[in-house]
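The values are calculated or read from the model by the stated rules, or taken from the named source; none is laboratory data. Model, not experiment: these values are computed from the prediction. Because the Cβ atoms are built from the backbone with ideal geometry, glycine has one as well, and the counts that use them run over all protein chains shown. In case anyone asks, the SASA skips ligands and DNA or RNA and just uses the protein heavy atoms, side chains included. Shrake-Rupley method; radii C 1.70, N 1.55, O 1.52, S 1.80 Å.
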Amino acid sequence: MLDLRKPAGYFFLLLGVVMVIAGLVWDFRAPLLETNLNLHFGVFSLVFGGVFLLLARQARS
Amino acid sequence: MSLHLVDYSILVLYFGFVLGIGWFLRKSVASSSDFLTASHSLPLWITSLAFLAANMGALEMIGMCGSGAKYGMMTSHFYWVGAIPAMLFVGVFMMPFYYGSKARSVPEYLKLRFDEKTRGFNAITFAVMTIFSSGISMYALGILLQAIFGWSFTFSVLVSAGIVLAYTYLGGLSSAIYNEVLQFFLIVVGFSPLAILAVEKAGGWSGISARLEPAMTESWRHMGSPADNPMGVEVFGLFMGLGFVLSFGYWCTNYLVVQRAMAARNMTDARNTPIVGAFPKMFIPFIVIVPGIAAVALAQMGAGYSIPTKNGGPDYDLVLISLMEQFYPSGMLGVGLTALIASFMSGMAGNVTAFNTVWTYDIYQSYIRKNAPDEHYLWMGRMATIFGTTLSIGAAYMARSFNNMMDFLQLIFGFVNAPLFATFLLGMFWKRATANGAFSGLVSGTAAAALTYGMTRAEGKGGWLGVMYEFPSSMAQNFWVAINAFVVCFVVTVVVSLAGKPRPDQELVGLVYGVTPHEAETAVWYKRPAVLATAAAGLCVVLNVMFF
């Protein structure tokens, strides 16, 4: 059966890529926001997805 | 709300994965039990996260954030008095009988323990309730999509129903569970930043406490009398109504959640499913309730935020969305909205997958067509997925006429779930309980719930049989509806059981505590349900004390 860590890992990795790009390319603002939230979230999501893929890999071997 | 290309791509990315998971899992569906019960194949981390994610639909996100703004920190009682003790109880004490009896569903357990009519009653009321719950998720999603994309309500409902139908039709319960877990991660990572930003902007927890009246940030100190707190309930009503009856009724007997634990690989995992799930569950209030409280503080600060209104009064159901508009830029907004949409969809999917199992095994196979080949039941399971979704759409239109969705849900649980917990309590722990006792108890308990609701009023609701009592809030009314249902069911079951002939002990082995031989737990000590449950209970007490 499909190991859920794989699709979850790929999803957060891709989400991270999209968010890092959004953070670097556009200067999106929200009324009460003072930081580049997209960039921070993007980096976090890359790491989060990476951990999932790492765990899936460990489980396989 | 204006969305950017980035937001749309996140939405498309996520739902691509959702449908992809359903597509991949279609290959692992070969029998009706693969489709309807996942054939005891899922690992503990997945079942435990699904156990709590299955109920994170409309109720958790928008409802809890709205209740946070309306009732304050007292809303945490839904978790720290309600859900957690019940989740630990079902894992430690009840799961051995659910899993050990080899029943495929909760109604089927009732069939084994009592008789056909008790099962039938439970199966039918449960089926109706899942349709309502799924309809409420759909309704909430409908108004959300309407607000975001400007779609019509009907179109919004049809699109979301279509996606849910596609992945549950393909992969059955496994697909629903996988997507619940994926959605759970997205909710947590997508909404944690909102909680952090909102609290920070409102001056931290101390800033919020200083700005608001104490009843908003303290969960216990104002429970002496209903007049002292915004929820309009007192300690007894809270403990008995919410803590004991409603929460235990929901977490311990609702097949929607119990189904997740029954999909685990072995007894220890099945018992640990709700217990391990309790650990993350305890911290959900910080993501869903605290932002609602912070919103009230922000609104008082004049920092450019105000609580949304409808017809001149506050519209608490929109608090979460309005916070997102203030704090999330395009990109993060896409993540938050996707998480929200996903949570509604998995709420719907959870109900649809519970409905199709109960329909197929407990209604169709039991009463309509008994000895068909398994392929026929697999086909029927898929068909039930289709008409379950269709009926939910109808329920979504009904839910439109109620203001606070949580109160509405509690009301339905009061009618159906509250007496049920008495039945299970007596059924599992009192071998003297008989089938006739259980059935008459359930019927009279449900009637007692309807009567209580019919003869009391709160916030203009109920009272269609004349008003004998006016409750300070509909929350209090719901709690008391549940308490009456429970007490009546309990008393009637005991009295009728004592008047009848008990079943011989040997027929009750594996079904009732006391006549079932105790199986020694073989797992290492830190994986034992009792150890984990004690740790979770301790942590829960600490949280209650911190926000006393």
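Numbers at a glance
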| quantity | calculated |
| --- | --- |
| Only one of B:Ala438, B:Ala418 that is assigned to a helix (DSSP H, G or I), within 19 Å of the chain's Cα centre (by Cα) and closer than 22 Å to B:Lys111 by Cβ | B:Ala418 |
| Residue within the stretch B:343-356 that is closer than 21 Å to B:Ser175 by Cα, within 14 Å of chain A (Cβ to nearest Cβ) and modelled with pLDDT under 90 present | yes |
| Residue selected from the stretch B:154-173 under the condition in contact (Cβ under 8 Å) with a residue 24 or more places away in the chain and open to solvent by 10 Å² or more (accessible area, probe 1.4 Å), by the criterion farthest from the other protein chains (Cβ to nearest Cβ) | B:Leu158 |
| Residue in the stretch A:33-54 that is in contact with a Lys or Arg (Cβ under 6 Å, 6 or more places away or on another chain) and open to solvent by less than 80 Å² (accessible area, probe 1.4 Å) present | yes |
| Near pairs, Cβ below 8 angstrom, 6+ apart or cross-chain, from the stretch B:30-53 (in contact (Cβ under 8 Å) with a residue 40 or more places away in the chain and more than 18 Å from B:Gly381 (Cα to Cα)) to any residue that is of a type in the set (Asp, Glu) and open to solvent by less than 10 Å² (accessible area, probe 1.4 Å) | B:Leu49/B:Glu180; B:Ala50/B:Glu180; B:Ala53/B:Glu180 |
| Some residue of the stretch B:486-495 being at pLDDT below 85 and in contact with a helix residue (DSSP H, G or I) (Cβ under 9 Å, 6 or more places away or on another chain) | no |
| The stretch B:501-548 - residue that is within 12 Å of B:Trp80 (Cβ to Cβ) and assigned to a loop (DSSP other than H, G, I, E, B) and, of those, most open to solvent (accessible area, probe 1.4 Å) | B:Phe548 |
| Subset of the stretch B:387-401 (residues that are hydroxyl-bearing (Ser, Thr, Tyr) and farther than 7 Å from B:Gly135 by Cβ) | B:Thr389, B:Thr390, B:Tyr397, B:Ser401 |
| Test: residue in the stretch B:266-276 that is touching a Lys or Arg at 6+ places or on another chain (Cβ under 6 Å) and in a helix (DSSP H, G or I) | no |
| Which numbered condition B:Phe15 misses (of (1) away from chain A (no Cβ under 12 Å); (2) more than 15 Å from B:Met262 (Cβ to Cβ)) | (1) |
| Hits in the stretch B:324-337 - residues which are within 9 Å of another protein chain (Cβ to nearest Cβ) and either outside any helix (DSSP H, G or I) or open to solvent by less than 20 Å² (accessible area, probe 1.4 Å) (or both) | B:Met324, B:Phe327, B:Tyr328, B:Pro329, B:Ser330, B:Gly331, B:Met332, B:Leu333, B:Gly334, B:Val335 |
| Output for the stretch B:297-316, where each listed residue is away from chain A (no Cβ under 14 Å), touching a residue at least 60 places away in the same chain (Cβ under 8 Å) and surrounded by fewer than 22 Cβ atoms within 10 Å (Cβ to Cβ) | B:Gln300, B:Ile307, B:Pro314 |
| For B:Trp151: the one exception among (1) surrounded by 22 or more Cβ atoms within 10 Å (Cβ to Cβ); (2) assigned to a loop (DSSP other than H, G, I, E, B) | (1) |
| Enumeration of residues in the stretch B:23-37 that are open to solvent by 80 Å² or more (accessible area, probe 1.4 Å) and of a type in the set (A, V, I, L, M) | B:Ala30 |
| Scope the stretch B:20-48; condition closer than 15 Å to B:Ala264 by Cα and more than 11 Å from chain A (Cβ to nearest Cβ); matching residues | B:Ser33, B:Phe35, B:Leu36, B:Thr37, B:His40, B:Leu44, B:Thr47, B:Ser48 |
| Residue within the stretch A:36-52 that is in contact with a Phe, Trp or Tyr (Cβ under 9 Å, 6 or more places away or on another chain) and not in a helix (DSSP H, G or I) present | yes |
| Set B:Val487, B:Val481: member being within 24 Å of the chain's Cα centre (by Cα), open to solvent by 50 Å² or more (accessible area, probe 1.4 Å) and closer than 16 Å to B:Leu420 by Cβ | B:Val487 |
| Of residues in the stretch B:216-237 being in a helix (DSSP H, G or I) and open to solvent by 10 Å² or more (accessible area, probe 1.4 Å), the one nearest to B:Ser346 (Cα to Cα) | B:Met216 |
| Options B:Phe93, B:Phe132, B:Phe78, B:Phe114: the member that is in contact with a Gly (Cβ under 9 Å, 6 or more places away or on another chain) and open to solvent by 10 Å² or more (accessible area, probe 1.4 Å) | B:Phe114 |
| Leading residue by the ranking (nearest to the other protein chains (Cβ to nearest Cβ)) among those in the stretch A:1-47 that are aromatic (Phe, Trp, Tyr) and in contact with a His (Cβ under 8 Å, 6 or more places away or on another chain) | A:Phe28 |
| Total residues in the stretch B:421-435, condition under 24 Å from the mean Cα position of the chain (by Cα) and among the aliphatic types (A, V, I, L, M) | 4 |
| Residue within the stretch B:329-341 that is modelled with pLDDT under 90, more than 19 Å from A:Arg29 (Cα to Cα) and not basic (Lys, Arg) present | yes |
